[in-house]
């Protein structure tokens with residue numbers, strides 16, 4: 001069965017343009033004709049009931065993120081907005097502060113205001129998106145995977161951490177610590193698992209004292225690094241499992257004049273004024289994740305009624321599964 005992405009490819013336009021045509025929005029005449037012709041040739045017909053329900057919404061998309069101070073989410077928001085604007089939608093940015101109660105309030109507002117759809121980077125636990133899905137609202141989850149039949153764009157966090165840790169091993173380090181996020185966060189647990197796996201593969205120990213749980217904030221990384229440096233046998237290298245934790249760890253080292261501990265960071269560090277030459281950074285491509293999620297959302301709004309998709313985003317230079325789709329609904 002043809003999908004909106006197939007129509008876009010045949011017409012030589014973006015899925016956002018196809019969505020605009022299907023929703024009766026203003027599009028250049030030649031592009032609209034190309035879309036209609038491609039749809040006819042492919043026999044594409046979006047689910048009319050779903051499309052009818054979805055067209056009762058506003059032209060606003062809600063983007064709910066865990067921490068707007070994190071440059072990762074700033075870049076992700078840019079990617080979402082770029083695609084949404086092309087498709088004729090405005091984006092409302094909501095900051096949950098990793099607070100499930102605050103997150104739930106934003107989702108209530110999205111439902112009450114008949115927003116076209118929601119892209120959400122969940123706080124700890126499972127986001128209450130089932131009510132939105134039950135009312136045929138389009139929802140895409142990003143960054144942190146969740147259970148259930150909902151579209152998702154995520155990273156292979158185990159592989160990310162494994163490769164970042166392996167980079168430290170390759171540089172000769174043997175006592176490698178991990179600054180992980182809260183135990184209630186799947187991202188933190190997966191990255192801690194990758195750290196352990198890389199050490200085990202290298203025949204190295206991963207003692208409990210070298211795994212420090214903290215918040216995904218700068219101050220959390222700073223405090224956690226201080227704990228590690230206070231050990232009788234401090235580490236010679238550290239994996240920081242997100243960018244803000246990495247910034248905090250680097251601050252703690254600089255404050256103590258320590259240049260003998262190498263740091264690997266998962267996540268971009270665009271605003272870091274100065275960084276040691278030895279710093280290992282695994283960039284995540286947040287903007288691309290936002291663009292992918294927005295395209296998926298636009299397809300759903302346009303009437304795509306295929307099974308829910310799980311897209312694992314490939315990171316350049318980090319071996320792992322190819323980005324792809326896995327059907328979740330039967």
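Inside the range 108-131, residues that are in contact (Cβ under 8 Å) with a residue 24 or more places away in the chain and closer than 19 Å to residue 290 by Cβ make up a count of 11.
Screening 212, 265 for residues that are closer than 17 Å to residue 69 by Cβ and either under 26 Å from the mean Cα position of the chain (by Cα) or surrounded by 15 or more Cβ atoms within 10 Å (Cβ to Cβ) (or both) leaves exactly one candidate, 265.
The set of residues from the range 157-181 being without any contact (Cβ under 8 Å) to a residue 40 or more places away in the chain, more than 20 Å from the chain's Cα centre (by Cα) and within 18 Å of residue 284 (Cα to Cα) comprises just one member, 166. The selection criterion, being modelled with pLDDT under 75 and not in a helix (DSSP H, G or I), does not hold for residue 51.
A quick yes/no check of all residues on (1) outside the structural domain of residue 180 (by the TED database); (2) more than 28 Å from the chain's Cα centre (by Cα); (3) under 17 Å from residue 121 (Cα atoms):
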position	(1), (2), (3)
230	no, yes, no
233	no, yes, no
237	no, no, no
242	no, no, yes
276	no, no, no
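Of the set (1) modelled with pLDDT of 90 or more; (2) touching a strand residue (DSSP E or B) at 6+ places or on another chain (Cβ under 8 Å), all apply to residue 269 but (1). In the range 194-203, the qualifying residues are those that are in contact with a helix residue (DSSP H, G or I) (Cβ under 7 Å, 6 or more places away or on another chain) and surrounded by fewer than 22 Cβ atoms within 10 Å (Cβ to Cβ), and the one that is nearest to residue 180 (Cα to Cα) is 197. All of 204, 199, 168 fail the test of being touching a strand residue (DSSP E or B) at 6+ places or on another chain (Cβ under 8 Å), part of a loop (DSSP other than H, G, I, E, B) and farther than 24 Å from residue 98 by Cα, apart from 204.
The values are calculated or read from the model by the stated rules, or taken from the named source; none is laboratory data. Since we're looking at a predicted model, the values are computed, not measured. So basically every Cβ, Gly included, is an ideal-geometry build from the backbone, and we count neighbours across all protein chains shown.
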